[in-house]
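Reading through the structure tokens given below for one structure.
The values are calculated or read from the model by the stated rules, or taken from the named source; none is laboratory data. Nothing here was measured: the structure is a model prediction, and the numbers come from that model. Glycine also receives a Cβ, built like all others from the backbone with ideal geometry; neighbour counts cover every protein chain displayed.
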Amino acid sequence: MFFTFNGRTASCSGDSITSANGSTVITAGHCVKYQGAWHTNWIFVPAYENGNAPYGQWSATKTFATTQWAASEDMNMDVGLAVVAPLNGRNLSQVVGAQGIQFNGGYNKKMYSFGFPAAAPYDGTKLIYCSANSGKDFLLTKDHSVACNMTGGSSGGPWLQDFNEATGLGTQVSVNSFGYNFLPNTMFGPYFGNEAKAAYDQAQSA
């Protein structure tokens with residue numbers, strides 16, 4: 001996705017998830033609000049590749065975040081969502097499908113993490129993934145952790161368990177959130193608990 005932050009265009013990653021309105025995208029909280037300000041001109045471009053938008057550009061009508069992220073940008077709750085307007089008379093999930101989502105599913109699972117890293121050595125033009133068994137942050141958060149060298153721009157990309165490489169479907173349980181500078185090749189993603197569920201319910205019913 002692309003949006004305006006501090007007067008310039010920035011990018012993150014995200015995906016379409018199963019929802020009551022068929023128009024919900026999930027991403028990281030800092031991909032909808034950061035440093036106290038909500039991003040503007042927010043557009044989701046599914047299956048983006050090297051400047052191409054094969055399924056169109058979907059404009060957000062409203063963005064959401066966990067209450068904790070919206071209030072104080074709590075790194076434990078770095079979850080954001082957007083509801084996008086229909087395009088050519090069809091909802092997002094009708095055009096691109098949607099991943100299932102699970103809350104309070106526990107830790108230590110086989111994960112696939114996806115994103116569009118834009119900082120070196122990547123350039124933001126291609127979808128990249130990591131696959132590894134997840135752990136748990138032992139430092140500052142209660143996040144999941146996974147071995148991954150993706151960089152900025154991959155934020156908000158989905159973490160899927162029970163991923164089927166043939167169908168491209170899985171169950172989403174987190175999003176790319178952050179990495180520690182002193183701990184290379186490790187990505188962290190928020191635990192989808194009751195707080196994330198509340199934000200999801202707010203978005204999917206909008």
- prompt: Could you say which residue among G124, G106 is without any contact (Cβ under 8 Å) to a residue 24 or more places away in the chain, part of a loop (DSSP other than H, G, I, E, B) and not β-branched (V, I, T)?
  reply: G106
query: Just one of D123, D143, D162 is among the acidic types (D, E), buried (at least 20 other Cβ atoms within 10 Å of the Cβ) and not assigned by TED's automatic domain parsing to the domain that holds G56; which is it?
result: D143
- request: Working carefully through the options T9, T63, find the one that is polar (S, T, N, Q) and surrounded by 16 or more Cβ atoms within 10 Å (Cβ to Cβ).
  value: T63
Any hit, segment 43-51, residues being more than 16 Å from G124 (Cα to Cα), buried (at least 16 other Cβ atoms within 10 Å of the Cβ) and in contact with a strand residue (DSSP E or B) (Cβ under 7 Å, 6 or more places away or on another chain): no
task: Evaluate the following for W38: is it of a type outside the set (G, A, S), over 15 Å from the mean Cα position of the chain (by Cα) and either surrounded by fewer than 18 Cβ atoms within 10 Å (Cβ to Cβ) or within 22 Å of G189 (Cα to Cα) (or both)?
output: yes
